[in-house]
Structures are given as structure tokens and as C-alpha cells.
Number of protein chains: 2
Amino acid sequence: MMSRPSVHPVDAPSLTNDAAAAMPRVRMKDFQGMGGTLGGLLLRLCQFGFAVVSLCVMATTSDFPSVTAFSYLVAAVSLQSLWSLLLAIADIYALLVRRSFRNPGLVSFFTIGDAITSTLTFAAACASAGITVLIGNDLDRCSVNHCKRFMSATAMAFLSWFAVSPSFFLNFWSLASQ
Amino acid sequence: MMSRPSVHPVDAPSLTNDAAAAMPRVRMKDFQGMGGTLGGLLLRLCQFGFAVVSLCVMATTSDFPSVTAFSYLVAAVSLQSLWSLLLAIADIYALLVRRSFRNPGLVSFFTIGDAITSTLTFAAACASAGITVLIGNDLDRCSVNHCKRFMSATAMAFLSWFAVSPSFFLNFWSLASQ
């Protein structure tokens, strides 16, 4: 049993309330877009959505396994969608229990994961874009290839990368400014 | 004219010396690899060297203008080599006058420039890699193309990007931890 003071001063509760009300204004680290905020959840859902659309569009073309870069795009956006889905679930959990991720180890883990998945997605999108432009503009063989699908999948992968970048930079910034 | 004290206490110079000697140990922000240090200069020279080799190897192939991604690689590594050369000169100047870049505006400028050039170089390297793999592995047409040169130019562009990343992350970190 903990010992408690039996006499409560009158102004003690009001002091505690003031301190609790002033707390969120004093520490400015928890801005929108970081893990555990509504903005962060929206970013994760955008990443997941774009990656899944890119995956579906590319995987439904019949000849993607014949080109290494397109197979790599499928692998990269699969990994990206899994990662974003996991972190979206973590964000929903954090929002439900009204907590935010302040643990430096956890934020480092998120930052490194974001860095790896975003680099892979960007590399895959660039490689696919190079080949799509080669087929479409340089060789002019869009009639025998699914150029529009390749373009759409590439564009979606780029959009997914655009949505990962803010998450990564916000996490990295909060890690550095701790 | 500023007024100066005409009487100098005996222990005043020794105090100043102590403070000057303790200063570099207290502020830990100026570690190797940042702008204005020898490590930073070496990084810039690596970036410049790899970018110039990539540019030369790619530009001496006769058929690079027929592929958009290869032309883009030439443009991107040209920009990268110019940027790295300029910052190498700035680093040499800073080393000669024994100063470091502490101005947040200047560090922001370096960070944004590094982010842009490294993203462009990485995108160009990925697009070239996709096309090189397409020509070499998927279509198996290395006999009629300069596969080895394309590969070398791509690899050098990737190495240049590897050398830019530490500069970018150190600048960004020092910006965030200010």
C-alpha cells in the first residue's frame, strides 16, 4: 500500500490541471504526419493504397515476368504495401489508446524501415519508368505492349514513394531533434 | 572608438584560453563528413570523381542519345559533378580559412541541393540499370550494344549516389539538432 497524504490542500488539483493543459503546448515534437497521429495514419493509408494499386495493375499484365525491372517493381511495391499496412495498424492502435510513439528505439526502427522501403520503391519506379519510356518513345512499340498499364503502375509507385517521404523525414527529424 | 579597460587583471587571459580550449569539446556538432571538414572534402571529391567517370564512360558510347534514360543519366551526373565540385571548392576554402559552415541558411541550402542532386543521380542510375539489365539479361543483345560501358556508367552513378548520401544525412541531422 502506498502512503497518501490525508490532508489535501485546496489548490493542488487546480495546479495539476494547469500543468496537464500546458503540457501539449510546451513540447512541440508531436506534429501531424508522425507515427501515432491522424496525419501519420492518412499518410500510411495513402502509401498502402498507391502501392496496392501499382501492384495490381502491374501483376495483371501478362508479360511482366519477362522484364526484370517489372518483376522487381512487383516485389518492391509488395514490400511497401506490407510495411505501410503494418504501420497503419500500429497508428490505429496508437490513436485508439491515445498514445504516441516517443520511444527513440521504435522511432529509429520506423525511420530505417521507411528509408529501406522508400528507396526500394523509388528504385523500382525509376527502373520501370526507364523501360516504359524506352518501349514507348525510343522504340515506339506500344502497339505490342501494355504501355498504359506499365505507365499507370509506375506512376502509382512514384506516388507511393511521395507519400513515404514525409513519414521518413518527420521521423528522422524527430530522431535528430531529441 | 570603443572604450577599453585600462587595467587588465592578471588571470583574465588564462581564463579566455581555458574557454577557447574547452569550446571544441563542448559543442559536438562539427564531426567529420560535414561541410568544412576534411572528411566532408573527401566525400565531395569521391562524389565528383565517380560522377565524372560515369559521365565520361556514358558520353563516349556512340548510341547513348537514342535511349532517353541514358541521356538523362548524362544530364544527372553532369549536374552532380558540378554541384560536388562547387561544394569541394567551398570546403577547401573553409579548411584554408579554418572556418566551418554553421549558418543554418547555408546548411539548409547544402541539404536541399544534396537532396535534389542525389535524388536525380539515383533515379538516373536506377533507370539505366533497368535498361542495362533489360538489354543484357532479358533480351540478350549485348553483342550489338555497349553493355559493359552501360554497366560501368551505371555503377559509377550508384557509387556517386552512395557518396552523396552521408553528406546529405549529416547536413540534415545537424540542421535538425540545432
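Going through B:THR68, B:THR61 one at a time, which residue ends up being of a type in the set (Ser, Thr, Tyr) and within 14 Å of chain A (Cβ to nearest Cβ)?
On inspection, the qualifying residue turns out to be B:THR68.
Of all residues being of a type outside the set (A, V, I, L, M) and closer than 12 Å to A:ARG149 by Cβ in region A:47-102, which is surrounded by the most Cβ atoms within 10 Å (Cβ to Cβ)? Just the residue, please.
A:SER54
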_Looking at the structure I just gave you, is A:THR117 part of a helix (DSSP H, G or I) and β-branched (Val, Ile, Thr)?_
yes
*Which condition number in (1) of a type in the set (S, T, N, Q); (2) within 14 Å of chain B (Cβ to nearest Cβ); (3) surrounded by fewer than 17 Cβ atoms within 10 Å (Cβ to Cβ); (4) assigned to a helix (DSSP H, G or I) is the one that A:GLN178 fails?*
(4)
_Against the condition more than 19 Å from the chain's Cα centre (by Cα) and in a helix (DSSP H, G or I), how does B:SER152 come out, does it pass?_
yes
_Condition check for B:THR117: closer than 18 Å to B:ARG149 by Cα and crowded, with 22+ Cβ neighbours inside 10 Å_ = no
*Restricting attention to region A:67-86, and to residues there that are assigned to a helix (DSSP H, G or I) and in contact with an Asp or Glu (Cβ under 9 Å, 6 or more places away or on another chain), which single residue is modelled with the highest pLDDT?*
A:TRP83
*Could you tell me which residue of region A:145-175 is farthest from A:VAL53 (Cα to Cα), considering only residues that are among the aliphatic types (A, V, I, L, M) and open to solvent by 40 Å² or more (accessible area, probe 1.4 Å)?*
A:MET151
*Take A:LEU139 and decide whether it is free of Cβ contacts under 8 Å to residues at least 60 places away in the same chain, open to solvent by 10 Å² or more (accessible area, probe 1.4 Å), within 11 Å of chain B (Cβ to nearest Cβ) and out of contact with any Cys (no Cβ under 9 Å at 6 or more places or on another chain).*
yes
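Would you call A:ALA125 facing another protein chain (nearest Cβ under 9 Å) and either in a helix (DSSP H, G or I) or closer than 12 Å to A:LEU73 by Cβ (or both)?
For A:ALA125, the condition - facing another protein chain (nearest Cβ under 9 Å) and either in a helix (DSSP H, G or I) or closer than 12 Å to A:LEU73 by Cβ (or both) - is met.
Quick one: would you say A:PHE150 is within 12 Å of another protein chain (Cβ to nearest Cβ), under 20 Å from B:LEU134 (Cα atoms), at pLDDT 85 or above and in contact with a helix residue (DSSP H, G or I) (Cβ under 8 Å, 6 or more places away or on another chain)?
yes
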*Within region A:98-133, how many residues are more than 19 Å from the chain's Cα centre (by Cα) and either at pLDDT below 90 or within 21 Å of A:PHE172 (Cα to Cα) (or both)?*
1
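The values are calculated or read from the model by the stated rules, or taken from the named source; none is laboratory data. Note that the structure is a prediction, hence the values are computed from the model and not measured. Cβ: placed from backbone, ideal geometry, glycine included. Neighbour counts: every protein chain shown. Note: accessible area is taken over every heavy atom of the protein model, side chains too, but ligands, DNA and RNA are not part of it. Shrake-Rupley method; radii C 1.70, N 1.55, O 1.52, S 1.80 Å.
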